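The values are calculated or read from the model by the stated rules, or taken from the named source; none is laboratory data. Just so it is clear, the model here is predicted, and its values are computed rather than measured. Every residue, glycine as well, gets a Cβ built from its backbone with ideal geometry; the counts of neighbours run over all protein chains shown. Areas reflect the complete protein model, heavy atoms only, side chains present, ligands, DNA and RNA absent. Shrake-Rupley method; radii C 1.70, N 1.55, O 1.52, S 1.80 Å.
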Amino acid sequence: MYDGYVAAKQQVDGCRESEEAIDALPYPSAFTGDVKDAAEKLIGSCRISAQGKRMAGETALEIYDGEVKPSKVTEFKERTEGAQSGLMLCVAMAMQLGQKTGVDLKELAKVTD
């Protein structure tokens, strides 16, 4: 139980830091029009994903603190699924922005391996 609580607390703290870091992300001033819109949407999507994961962690903390009603467990499941979907959207939007800016996605994949 204690290890699970510590992991959930680390998730909450890490995601809170991620939200702040995402908010501070700059994008090149050369981005205009559709590219600027895509960059703004990407940043917003990634922030929402981090926020969803933080909220799932907060719900996990409540469960570890003894709040084990079925509704709380369902809330945790829904928040976790939402965060996973948000992360996939964030990645897809990053790829879309990369395409709009001319990034070779195959080369980018090599960098991230």
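Among the residues of segment 26-38, write down those that are under 17 Å from residue 95 (Cα atoms) and either polar (S, T, N, Q) or in contact with a helix residue (DSSP H, G or I) (Cβ under 6 Å, 6 or more places away or on another chain) (or both). Within segment 26-38, 27, 31, 35, 38 meet the criteria. Looking for whichever is closer than 30 Å to residue 39 by Cα and open to solvent by less than 60 Å² (accessible area, probe 1.4 Å) here; the options are 88, 93. Which one fits? Sole residue among the options that is closer than 30 Å to residue 39 by Cα and open to solvent by less than 60 Å² (accessible area, probe 1.4 Å): 93. Could you check, for segment 15-30, whether at least one of its residues is surrounded by 15 or more Cβ atoms within 10 Å (Cβ to Cβ), among the aliphatic types (A, V, I, L, M) and more than 22 Å from residue 3 (Cα to Cα)? Within segment 15-30, one or more residues are surrounded by 15 or more Cβ atoms within 10 Å (Cβ to Cβ), among the aliphatic types (A, V, I, L, M) and more than 22 Å from residue 3 (Cα to Cα).
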